[in-house]
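A quick write-up on the structure given underneath.
The values are calculated or read from the model by the stated rules, or taken from the named source; none is laboratory data. The shown structure was predicted, so the numbers you read here are calculated from the model rather than taken from an experiment. Because the Cβ atoms are built from the backbone with ideal geometry, glycine has one as well, and the counts that use them run over all protein chains shown.
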């Protein structure tokens, strides 16, 4: 019975780690989408001030999403390992 509990806890920890990785990958996917949107605005559309502002905003948000995703991943991973 005790062995089953240890196995269950180990599997729950692995599921939690995989969920944490999926969350980080979702942050990265969103960030790269924002960065590609900014590149498309700069490359393919006319040079109006609104496109420039929207492109810069998208780039900043993309970089911010990368930083947030990686930092949150590391924080959560440390908490999972300590549990």
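Quick rundown of the values:
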| quantity | calculated |
| --- | --- |
| Test set (1) under 17 Å from residue 58 (Cβ atoms); (2) surrounded by 13 or more Cβ atoms within 10 Å (Cβ to Cβ) - residue 29 fails condition number | (2) |
| Selection from region 66-83 of residues that are touching a residue at least 40 places away in the same chain (Cβ under 8 Å) and more than 12 Å from the chain's Cα centre (by Cα) | 76, 77, 80, 83 |
| Only one of 12, 31 that is farther than 25 Å from residue 66 by Cα and assigned to a helix (DSSP H, G or I) | 12 |
| Pairs with Cβ under 7 Å, 6+ apart, first in region 43-65 and at positive phi and surrounded by 10 or more Cβ atoms within 10 Å (Cβ to Cβ), second part of a helix (DSSP H, G or I) and at pLDDT 95 or above | none |
| Residue satisfying all of: in region 20-29; free of Cβ contacts under 8 Å to residues at least 60 places away in the same chain and within 14 Å of residue 75 (Cα to Cα); nearest to the chain's Cα centre (by Cα) among these | 24 |
